[in-house]
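The values are calculated or read from the model by the stated rules, or taken from the named source; none is laboratory data. Because the structure is a prediction, the values reported are computed rather than measured. Using ideal geometry, Cβ is built from the backbone for each residue, glycine included, and neighbour counts are taken over all protein chains shown. Note: accessible area is taken over every heavy atom of the protein model, side chains too, but ligands, DNA and RNA are not part of it. Shrake-Rupley method; radii C 1.70, N 1.55, O 1.52, S 1.80 Å.
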Amino acid sequence: MDELGEVFLFAIFLHESMDPFYQNIASFPTVLFSFVLIICVLFWLVAVLGFIDIDALDIDLPDSDFDINPENDHLTSPDALAGILMRFGLNGVPFTVIVTFIALFGWLLSYYAVHFLFPFVPDGWMRYSAGLPVLLIALVVSMLITAQVIKPLRRFFKRVEQSAEKIVLGRTGVVRSTRVDDTFGEVQVNDNGADLLLRVRAMGDETFKRGDRVVLLEYLAAENLYRVISEKEFRM
């Protein structure tokens, strides 16, 4: 019966009625958003499993607007990207959250644009010519939608950071990532029933594994992470 169910499920995905869906997600420009969305999903899966910091790809964005002077010789690519994000109001939450929302909304917009409009566009180079404005419009609109969606999230992340900085120093946490050393690590700290997930680094050459109990000893504001030592060493 299980084998029959698997065959039936496989047949559904290969059914002719599903062909337009696969054609749409593989068509330009939807395929670009599909690729980014898949990368985002894989990133979140890896992050949830503790193999990478959730904010490992974060860009340091200020909380208020700032101007980028194009004549500045010291302007870097991250600075330029940060300026674009700030102009759209895409700040105050982790960069990975922003990219995920943009990819999701961009995928939905481009998918339905391709689904409803492209049947009237001839095949070949005309499809790519029509896809370019769809790509640009979907990207801009998805950024505008994301800016509105993250507004309530901004207060949440700011409140978590402030409460974590004030409360958790000296608290004991459990290593959640696969390891904690001087370059990588995450610790889960219970704060009155709420679990806080914090970026941490070990002191010196110490290394901790998943499940070890550590104490948060020092907060490094510039890097937004904590130095930790073993619970045993802290209580000596």
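Which members of the range 186-236 meet the condition of being closer than 23 Å to residue 49 by Cβ and among the small types (Gly, Ala, Ser)? If the condition is that a residue be closer than 23 Å to residue 49 by Cβ and among the small types (Gly, Ala, Ser), then 194, 202, 211 are the ones that fit.
Every condition in (1) in a helix (DSSP H, G or I); (2) at pLDDT 60 or above; (3) surrounded by 11 or more Cβ atoms within 10 Å (Cβ to Cβ) is met by residue 79 except one, and the failing one is (2). When the range 118-149 is examined, which residues are found to be of a type in the set (A, V, I, L, M, F, W, C), open to solvent by 40 Å² or more (accessible area, probe 1.4 Å) and at pLDDT below 90? Those that are of a type in the set (A, V, I, L, M, F, W, C), open to solvent by 40 Å² or more (accessible area, probe 1.4 Å) and at pLDDT below 90: 120, 125, 126. Please find, within the range 116-158, the residue that is nearest to residue 28 (Cα to Cα) out of those that are assigned to a helix (DSSP H, G or I) and of a type in the set (Val, Ile, Thr). For the range 116-158, the residue satisfying everything is 134.
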